[in-house]
Amino acid sequence: MSSATVSIPGDESGLVARLTLEQKVRLLTGMDSWVIYGESAVGLRPMVFSDGPAGVRGVRFDAANPSSSLPCPVALAATWDVPLIEELATALGREARSKGVDALLGPTVNIVRTPLSGRGFECFSEDPLLTSRIAVAYVRGVQKAGVAATAKHFVANDSETERRTYDARISERVLRELYLAPFEACIAEADVFMLMAAYNSVNGATMTANSVLLHDLLKTEWGFSGVVVSDWSATTSTVPSALGGLDLVMPGPTGPWGDSLVAAVRSGTVPEAEIDDKVARLLSLARRVGALNGAADGNGAGPIATPHSALIDPALLREVGARSFVLLKNERGLLPLPVGSVERLALIGPNSIDPQTQGGGSVRVLPVNRPTIADAVRDAMDSHVSVHQGCVTSATIAVPGEGTLHDPITGKAGVRLVIRSADGSVLHDAPFPTSIVTWWDGLPEAVHLRGAEVTMRARYRAEVDGPHVIGAAGVGHTSIAVGGIVVAESTSLPPRDVVEALSRPPELRVPIDLRAGNEVEVQVDYRPEERFVTLRLGIAPHFQDDHLIEQAAQAAAASQVAVVVVGSADGTESEGYDRETMVLPGRQDELVRRVAAANPNTVVVVNSGMPVLMPWADDVAAILQVWFPGQAFGEALAEVLTGDAEPGGRLPVSLPRREADSPVLRAHPEAGSLVYAEGLLVGYRGYDRHGIDPLFCFGHGNGYTDWTYESIEPAAASIAAGQDLELTVRVRNSGRRAGREVVQLYLDGADDDPSLPIRTLIAFATILAEPGETAAARLVVPARAFMLFDERLHRWMPQAGARTIHAGRSSRDLRLQTKVVLQ
């Protein structure tokens, strides 16, 4: 197979010619988990990668240099606001650069195929057009700052269950029209610098060695000039991956290339031209991010980081957060609650105390501290705000609150962390700011060696009388000692996916009775089963749900308004595993019903990355879907509740009434194969075709004003094949306050073919208008919207004839229409 060599800018060919085969191959595997080698012979310094896409972590957590925590990607898509996302991504790119990062491993542009997707929060939408528009904005923004964006995970990495081994069986048309579309847009419209090949296989070939998709489609047909990097430890072959289109194996320094690839070139199995093309791509990437700087030491550090990150403006994060919140329901116009209008407000629910600001897995960052929900609401409302947990949902014991846990040696807040090698030598002995430590915390490398032991010690001061629970979580052998006496120990086996050990490690629990104000010393000794992933210590009072629910109901009855914050618990949604159910964890449904029965002015705030069931939706006055909103959760929620900001979001995914209504629910492979039997009928396309009403449809969202759709122009149009169509929709703000509307266009499909969607999103635009003002939304429908992919001819084919285009507020609220004839 010949190399898919493309025209790459710069003098990369001359630089490649200076290198020996061994030097070239060395560049194609990482130096470690996050850095790729430099090479002084060509003035290449090492380049640094960092996980994304909801913040930039850097190569490790650093409490002295935290990161901005953005709303999760599905929340970004809920804004339907392309310029705003590009502005946010530009700020993210600047923060990445300030942390010494050259390439951000995001955005994730996979399609949300099922609401049970464990990693769905990290994707943008169930729709390829919305995903593409937001993804292109994200890539453009990050790369404006001189940082490479990485579109991932190419392709059909739409399930976490058996994600490393399943074979996605998908027709070429479905691939082209749904799952490949966002990647194509990132290349054609944003010139994305990098693309990540996924763990899974597609139609029989693993994605790190899928020559049909990487070589023939991506590099040859689409002309992708960037670097194809493997997902971490995804590459399992030498020759097939080298010939299949992969350019860079991560992490390093070990892997299937190295000496084996050199030998394959020497034997003639792999042409050296393939190696040259990969290195040229890598050098082109380096030139784009400023890494071809004449560095003298090819093994040194990457770009110099500033002492403090260029953190994203908190006001921008609040704006994006509020813009992403979707007002699903607002009976009697209960919201907003103007300042001074409410004397007593009950803030209720497990997520009001332990909010989920980000999902689990590689997406996590160590965030900047911001006001809690309770503090933000109190400051904004000028009301008496009482806080009530309502019920217990977390699968792990909560980390102690601020000021209750101290290092027994120095007295500093946090814990004492000691690491010993297998022979008992002390490698690390120092305070640590929290009782959660992970592989990202910059611990000595010896912690990963067999036989190493981690000890966490702390003094805990109880705040209430009564029973408490101590929990120690980690994969391996764990023991808990209280007051110097071992009270429990256990050994746990590693899960199927290492990320699962990070997001929901098995936990050893011990009950203990404590008196308020008393202190107790707790020690956890831990030996990892394999590589160290995480250790966490939790200590919390043990409350019965019956008591908590009754307490919440009484507080609601005594208040003018009850705000119930429910949603996912820690570890519910994460990379590495899919959800088992859409039901809210614990007894949250019962909690909502009891509070709504006690107070008709009940507002439910749903804090989840993916859809949850809402059996109480008819019982409450208002519902806000707020996703995983990042560090600005409290402030953005307070601004929306008071009306200082409008909840501007529209749903990027459908919310079903019942699990069984979902067009695709459990995406579990059978005998290694994951068959995409639904074809094109994903998300709202499936609901429409099957005649099922979701609880809240794709594109839905209310805001704080009303809109009247007045006209669509032209009333009829005729266009040639391959021609874009321009339309203008005039919308009047018929409410009492200024607002923002998302005008959506949908194209009717074929009524007579049950395998095709009834309608699809083809364009959208946002407008702003004062009360009584009419605004014009100008929309461009791309020519591709009038085409389908013909598998027989292997090309896009225009569909001649008359079609109807609808304009409206959502996929089910269509208010205007026009006819178009495609010549």
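The single condition from (1) open to solvent by less than 30 Å² (accessible area, probe 1.4 Å); (2) over 29 Å from Ile85 (Cα atoms) that Val742 fails is (2).
Of the helices (runs of 4 or more DSSP H) lying entirely inside segment 68-176, those carrying at least 3 residues that are in contact (Cβ under 8 Å) with a residue 40 or more places away in the chain and polar (S, T, N, Q) are 128-144.
Report yes if Ala750 is of a type in the set (Gly, Ala, Ser), at pLDDT 95 or above and open to solvent by less than 40 Å² (accessible area, probe 1.4 Å), otherwise no.
Numbers: of a type in the set (Gly, Ala, Ser): yes; at pLDDT 95 or above: no; open to solvent by less than 40 Å² (accessible area, probe 1.4 Å): yes.
Considered against the rule, which asks whether it is of a type in the set (Gly, Ala, Ser), at pLDDT 95 or above and open to solvent by less than 40 Å² (accessible area, probe 1.4 Å), Ala750 comes out as no.
Identify all residues within segment 619-673 that are among the basic types (Lys, Arg) and surrounded by fewer than 24 Cβ atoms within 10 Å (Cβ to Cβ); write none if there are none.
At the first step, the residues of segment 619-673 found to be among the basic types (Lys, Arg) are 650, 657-658, 666.
Across segment 619-673, the qualifying residues are Arg657, Arg658, Arg666.
Residues in segment 189-230 that are open to solvent by 10 Å² or more (accessible area, probe 1.4 Å), in a strand (DSSP E or B) and of a type in the set (A, V, I, L, M, F, W, C): 1 in all.
Which one is farthest from Gly634 (Cα to Cα) among residues in segment 55-76 that are of a type in the set (A, V, I, L, M) and open to solvent by 10 Å² or more (accessible area, probe 1.4 Å)?
We begin by selecting, within segment 55-76, every residue of a type in the set (A, V, I, L, M); these are 56, 59, 63-64, 70, 74-76.
When the remaining residues are screened for being open to solvent by 10 Å² or more (accessible area, probe 1.4 Å), the result is 59, 63-64.
Working: Val59: 28, Ala63: 21, Ala64: 23 Å.
Of everything passing the filter in segment 55-76, Val59 is farthest from Gly634 (Cα to Cα).
One residue stands out in segment 598-612 among those that are part of a loop (DSSP other than H, G, I, E, B) and either among the β-branched types (Val, Ile, Thr) or out of contact with any strand residue (DSSP E or B) (no Cβ under 6 Å at 6 or more places or on another chain) (or both): the one that is surrounded by the most Cβ atoms within 10 Å (Cβ to Cβ), namely Gly609. Among the numbered conditions (1) over 30 Å from the mean Cα position of the chain (by Cα); (2) under 30 Å from Ala638 (Cβ atoms), the only one that Ile512 does not meet is (2). Considering each residue of segment 690-702 in turn, at least one proves to be within 16 Å of Leu76 (Cα to Cα), touching a strand residue (DSSP E or B) at 6+ places or on another chain (Cβ under 9 Å), of a type outside the set (Phe, Trp, Tyr) and open to solvent by 10 Å² or more (accessible area, probe 1.4 Å).
Tally the residues that are closer than 16 Å to Val25 by Cβ and not hydrophobic (A, V, I, L, M, F, W, C), restricting the search to segment 241-252. Steps first, please.
Of the residues in segment 241-252, the ones closer than 16 Å to Val25 by Cβ are 241-243, 246-250, 252.
In the following step, the residues that additionally are not hydrophobic (A, V, I, L, M, F, W, C) were identified as 241, 247, 252.
Residues that pass the stated criteria total 3.
In this structure, is Gly411 within 24 Å of Pro541 (Cβ to Cβ), without any contact (Cβ under 8 Å) to a residue 60 or more places away in the chain and not hydrophobic (A, V, I, L, M, F, W, C)? Explain how you work it out, then say what you get.
Numbers: within 24 Å of Pro541 (Cβ to Cβ): yes; without any contact (Cβ under 8 Å) to a residue 60 or more places away in the chain: yes; not hydrophobic (A, V, I, L, M, F, W, C): yes.
In short, yes.
Among the residues of segment 248-281, those identified as basic (Lys, Arg) and crowded, with 21+ Cβ neighbours inside 10 Å are Lys278, Arg281. Of the residues Thr774, Thr728, the single one that is farther than 30 Å from Leu641 by Cα, among the β-branched types (Val, Ile, Thr) and more than 31 Å from the chain's Cα centre (by Cα) is Thr728.
Any chance you could count how many residues in segment 797-816 are charged (D, E, K, R), open to solvent by less than 50 Å² (accessible area, probe 1.4 Å) and more than 35 Å from the chain's Cα centre (by Cα)? The qualifying residues number 0. Within segment 358-385, residues that are within 30 Å of Gly58 (Cα to Cα) and part of a helix (DSSP H, G or I) sit with their Cβ atoms under 7 Å from residues that are modelled with pLDDT of 95 or more and of a type in the set (Asp, Glu), at 6+ positions apart or across chains, in these pairs: Ala376/Glu635.
From the list Thr206, Thr220, Thr238, exactly one residue is under 26 Å from the mean Cα position of the chain (by Cα) and not aromatic (Phe, Trp, Tyr). Which is it?
Thr206
If you go through segment 446-495 and keep only what is within 30 Å of Asn518 (Cβ to Cβ), in contact (Cβ under 8 Å) with a residue 60 or more places away in the chain, touching a Pro at 6+ places or on another chain (Cβ under 9 Å) and small (Gly, Ala, Ser), you end up with Ala458, Ala462, Gly466, Ala473, Gly474.
The values are calculated or read from the model by the stated rules, or taken from the named source; none is laboratory data. These numbers come from a predicted model, not from an experiment. Ideal geometry is used to build each Cβ from the backbone, glycine not excepted, and the neighbour counts take in all protein chains shown. For accessibility, only protein heavy atoms count, side chains too; no ligands or nucleic acids. Shrake-Rupley method; radii C 1.70, N 1.55, O 1.52, S 1.80 Å.
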